[in-house]
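**Q** So that we are looking at the same thing, I have put the structure below in structure tokens.
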Amino acid sequence: MAVIRKQRVRREAVRREPRETRENRELLELNLYRDPWTIKKKLMESDVNNLSRLILPTQLVDNHVLRYFSDEERFAVLHSERGLELKMKDLDQGTCHLLTLKKLGSSGSFKLGLNWISEFVKRRRLQKGDVIGMFWDNYSTRDNNYDTRGFCFSVLERYAPNSDANAEAVVAATPPNPSLCKSAREDLHLHPPMSEP
């Protein structure tokens, strides 16, 4: 009975609250979490086979990556035969790898190449149906004379075939260690890990 009374009092208080305050509170509640993975992709056969590249949608790369590039970097991605060499930080494993980003003339999509198969598909045992996440970390800080600007990468979900009905099922992967990437730490509002006493 007391619980019902408290709920009724709370509802009445909300109704009496000025509309602007209610809208601001609702807006605040909706914006408490921002997913850092601006590029998510369910891997297709062509992403993990011998074609040696990962295809990324044009709109996502335009909106979340190219806007951070200098004119020279943009030119290399859009027009050069080789593309632009950049770093990809694997937040799950704490490793960093060199890849190339290039726009494909045929489809207009972007491809990540160079070491994609050896450094990600084989090393991380990626397969068709896995879901990966990436975002561009634009911080150009130097860590032991090493530029940390580049993509951050994580395996978000692993594909697990259901042996009973051969239906697709997804198993959550271990979340990345956000302390490995400054941008992840700031976007998620996390503190660096504390050392144990």
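Read-outs: derived from the displayed coordinates by stated rules, not from any lab. Note that this is a predicted model, so its numbers are computed, not measured. Every residue, glycine as well, gets a Cβ built from its backbone with ideal geometry; the counts of neighbours run over all protein chains shown.
**Q** What spacing in nm lies between the two simple spin-label points modelled at ASP35 and CYS96, each 7 Å away from Cα in the Cβ direction?
**A** 2.8
**Q** Spin-label point model (7 Å from Cα, Cβ direction): what's the LYS87 to LEU104 distance in nm?
**A** Between LYS87 and LEU104, the label points sit 2.8 nm apart.
**Q** I would also like to ask the following. Residue by residue, what Karplus-based ³J(HN,Hα) values in Hz, rounded to whole numbers, does the range 106-121 have, using 6.51, -1.76 and 1.60 with θ = phi - 60° and x for Gly and Pro?
**A** Each residue's phi maps through the Karplus curve to give 5, 9, x, 6, 10, 10, 9, x, 6, 9, 4, 5, 5, 8, 10, 4 Hz.
**Q** Here's another thing I want to ask about it. In nanometres, what is the gap between the two model label sites at ALA160 and SER80, each 7 Å from Cα along Cα-to-Cβ?
**A** If labels sit at ALA160 and SER80, their model points lie 4.3 nm apart.
**Q** Sticking with this structure for a sec: Short version: ³J(HN,Hα) in whole Hz for each residue of the range 97-103, in order, from phi by Karplus 6.51 cos²θ - 1.76 cosθ + 1.60 (θ = phi - 60°), x for Gly and Pro, what are they?
**A** Working through the residues one at a time gives 9, 9, 10, 10, 10, 8, 8 Hz.
**Q** So, R0 is 35 Å and r is the distance between the beta-carbons of ASN49 and GLU72; what FRET efficiency does that work out to, to 0.05? Walk me through the numbers on the way to the answer.
**A** On the way: r = 33 Å, r/R0 = 0.93.
After rounding, the FRET efficiency stands at 0.60.
**Q** Once amide H atoms are built 1.01 Å from N in the peptide plane, which residues 5 or more positions from THR148, or in another chain, come under 5 Å H to H?
**A** THR141, ASP143
**Q** Further question on the same structure: Using the Karplus curve 6.51 cos²θ - 1.76 cosθ + 1.60 with θ = phi - 60°, what ³J(HN,Hα) values do you get for each residue of the range 54-62, in whole Hz, with x for Gly and Pro?
**A** 10, 8, 10, x, 4, 4, 5, 5, 4
**Q** Using the 10 angstrom Cβ neighbour count as an exposure proxy, how do THR38, THR95, THR148 rank, fewest first?
**A** Working: THR38 17, THR95 14, THR148 20.
Fewest to most other Cβ atoms nearby, the residues stand as THR95, THR38, THR148.
**Q** By count of other Cβ within 10 Å, fewest leading, how are SER106, SER118, SER52 ordered?
**A** On the way: SER106 5, SER118 11, SER52 14.
Ranked by crowding around the Cβ, least crowded first: SER106, SER118, SER52.
**Q** Got a sec? How would CYS96, CYS152 order by Cβ neighbour count within 10 Å, fewest to most? Don't jump to the answer; show the numbers that get you there.
**A** Values: CYS96 16, CYS152 26.
The fewest-first ordering by Cβ neighbours comes to CYS96, CYS152.
**Q** Here's a follow-up. Would you please give the residues with an amide H less than 5 Å from that of THR95, counting only those at least 5 places away or on a separate chain, with H modeled from the backbone geometry?
**A** Under 5 Å from the amide H of THR95 lie the amide H atoms of ASP90, each far enough along the sequence or on another chain.
**Q** Work out how much length TYR139 to LEU60 would gain on full extension: take 0.36 nm times their residue separation and subtract the Cα-Cα distance, in nm to one decimal. Walk me through the numbers on the way to the answer.
**A** Working: separation 79, 0.36 × 79 = 28.44 nm, distance 1.92 nm.
Separation in residues times 0.36 nm, less the Cα-Cα distance, equals 26.5 nm.
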